[in-house]
Structure formats: C-alpha cells, structure tokens
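Let me begin by presenting the structure, written as structure tokens, before commenting on it.
The values are calculated or read from the model by the stated rules, or taken from the named source; none is laboratory data. This one's a predicted model, so the numbers in the text were calculated from it and none came from an experiment. Cβ atoms come from the backbone with ideal geometry, glycine included; neighbour counts cover every protein chain shown. Accessible surface is based on the protein model in full, side chains and every heavy atom, while ligands, DNA and RNA are left aside. Shrake-Rupley method; radii C 1.70, N 1.55, O 1.52, S 1.80 Å.
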Amino acid sequence: MELVAQGAEARIFKKGGVIVKERFAKSYRLPAIDAGIRASRTRREVKVMESLGKIGVNVPGVVSHSDFSIEMELVEGRLVRDLLNEPGNRVYCIEIGRSVGLMHSSNIIHSDLTTSNILLSGGRIFFIDFGLSFFSQKPEDKAVDIHLFRQALLGNEQCFSAFLEGYVDSYSGHKVVLDRLEKVEARGRHKAK
C-alpha cells in the first residue's frame, strides 16, 4: 500500500484500484474510549457515503469496511480548487450546489465542504472525505456547510452565485437555510471587527 495522505484522524492509502482510509489510535485517549470513537466515526462515514450514493450524489463507492477502516473505489480527477479560474467553471458550481442541495434534503452535513474535497472526474462532480460528516435537520448546520464552501471559493462570487442556483433548484427547504446563512455570515463579520 502506498501512503497518499495523512490527516489528524486517518491515513489514506492507495492499494490497486481502491483507497483505504485507516483511522489510527490516539495515545492521549483511554484505549477503550479511543476504539469506540474510531469505530463510531467509521460507521457514520460509511452510512453517509452509502446514503449519498442512493440519492444520486457522486461519492466513492464503499467496497468494504471494518471497525477502523474503509475501502472505497479510487476516483481519480482534478480538485475543484484547481478549476475555479477555468472557463466552464459555472457548470461545475451549479452541479456542486445541486448535489449539496440533495445532501441537505437528506439531512446530511458534509462539515468540511471545501474545494479540496470535491473532484471533477469524467465530467462528473464527486465529493470525498466524509470524516467530519453527520446527520442534522438544523438549518444552522446546513448554513455553516454553505458558509464553509463560500469561504473556500476565496471571493469567487460568480461561482458562489452558480452554486446557489443549483442549491435552490434541488432543495425545497433552501429559503430557511439561506436566511440562516445571512445570520452565520453576519456573526463572522462582527468577529472580524
């Protein structure tokens, strides 16, 4: 296996045509508590990915999983962060918004919705890294998801406008979330002062 990346909670390996995400032990936690946390987060991540696949959001397919690891299909492509200044990016941003609207319709919060966790592969948008994801009906959680994405766009308001177009089109509960987004962003502006 070839180590591809390492984050705060997991190592990502490439093994043939699959990606293996292994959650490693944290020595500062009691072993029994650590094992419970890692197993719970792994199960939740698998459940989120499988749920998204069923509703038509493109995510890597889960091949297998155990208490602390997930084997998933390898999706090769370009990170959306590298496409934002290219012609045609509006189409991708609309599709990202549509997919996030579907996520939120199913009360799934990505929680790390950045342009580094979205790929363009074979002309389709794929979402990756659901390690922080969770289920929530709260407009606040959905608004924070959108706020994170807006920040990741680094001021590219044309892309954000296209994102909103797709989001509004695919999520009937968008009005409440977008009203909440204004409050989330106002809090951020007040902190900066």
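Worth pointing out:
- At full extension, residue 135 and residue 74 could sit 19.5 nm farther apart than now, given 0.36 nm per residue minus the alpha carbon distance.
- Listed values (1) 17.5; (2) 22.4; (3) 16.7, entry calculated as Kirkwood radius over Cα pairs in Å: (1)
- For region 69-116, GluC sites (Glu not before Pro) meeting the loop criterion (DSSP other than H, G, I, E, B) and having at most 16 other Cβ atoms within 10 Å: 76.
- Here residue 185 sits with roughly 30 square angstrom of accessible surface, probe radius 1.4 Å.
- Cα-based helix-to-principal-axis angle, 89-105 vs the chain, degrees rounded to 10: 70
- Computed extension length for residue 62-residue 106: 13.9 nm, one decimal, from 0.36 nm per residue of separation with the Cα-Cα distance subtracted.
- Extended-chain gain in nm, criterion 0.36 nm per residue less alpha-carbon gap, residue 8 and residue 54: 13.7 nm
- Area of residue 82 that stays accessible when all protein chains are in place (1.4 Å probe, Å², to 10): 80
- For the chain, the longest principal axis of the C-alpha atoms and the axis of helix 174-192 are separated by about 80°.
- Contact order, relative form, for the chain: 20 percent (alpha carbon pairs under 8 Å, 6 or more residues apart, mean separation divided by residue count).
- Nearest 10 degrees, 0 to 90: helix 157-170 Cα axis against the chain principal axis: 80
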